[in-house]
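Student: Structure incoming, see below.
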């Protein structure tokens, strides 16, 4: 099938002749034809025919092509029956599609099966040994890192500090990172613009005095 579809979903054709060919002549023509034209990459070459040979192209019927194309539908039905996505088996799927397919498969197919197994083990098996025992599987659903990163960014200076966000990703604290800042002006929460102006003005005045040797 792969060779068939790579060759535009049809065999090349047949060689016909009204003359009779002996075994030796037949094998020679067949061997030479395959050597020169017997591969997809060799298609497009001009054929030189002899002994009354004629090239007759052959194409598959629409019914035959629809049968082969129907195998893709069968593949989709099998994947759906087992709660899987075609992206898990698509060699052309990118990283984002593959990760998303894995996440959905674990969340909607594997995790519910784990929950059912937990229930049966806790209801029917563990009580036979000790009522204090219980079964709980670790979550098989991979973390949605992109979503967590988005939430972390949107939460900084609103409900968490910058150091809180840095600690979640294993980074060290930074100076001033434990203070919440207002988004519009990026000033410490609890201060006013007037206080900030006065502080900056004082620092400028001190610097000017120092430069003029007035201090």
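Student: Has segment 95-107 got at least one residue that is under 18 Å from the mean Cα position of the chain (by Cα) and either surrounded by fewer than 13 Cβ atoms within 10 Å (Cβ to Cβ) or assigned to a loop (DSSP other than H, G, I, E, B) (or both)?
Tutor: Checked against the condition, which is being under 18 Å from the mean Cα position of the chain (by Cα) and either surrounded by fewer than 13 Cβ atoms within 10 Å (Cβ to Cβ) or assigned to a loop (DSSP other than H, G, I, E, B) (or both), segment 95-107 yields at least one hit.
Student: Moving to a separate point now. Any chance segment 147-161 includes a residue that's over 30 Å from residue 177 (Cα atoms), surrounded by 11 or more Cβ atoms within 10 Å (Cβ to Cβ) and without any contact (Cβ under 8 Å) to a residue 40 or more places away in the chain?
Tutor: no
Student: In segment 135-163, which residues are modelled with pLDDT under 80 and assigned to a loop (DSSP other than H, G, I, E, B)?
Tutor: Across segment 135-163, the qualifying residues are 143, 144, 157, 158, 159.
The values are calculated or read from the model by the stated rules, or taken from the named source; none is laboratory data. It should be emphasised that the depicted structure is a prediction, and the values quoted were computed from it without experimental measurement. Quick reminder, even Gly has a Cβ in these numbers, built from the backbone with ideal geometry, and neighbours come from all protein chains shown.
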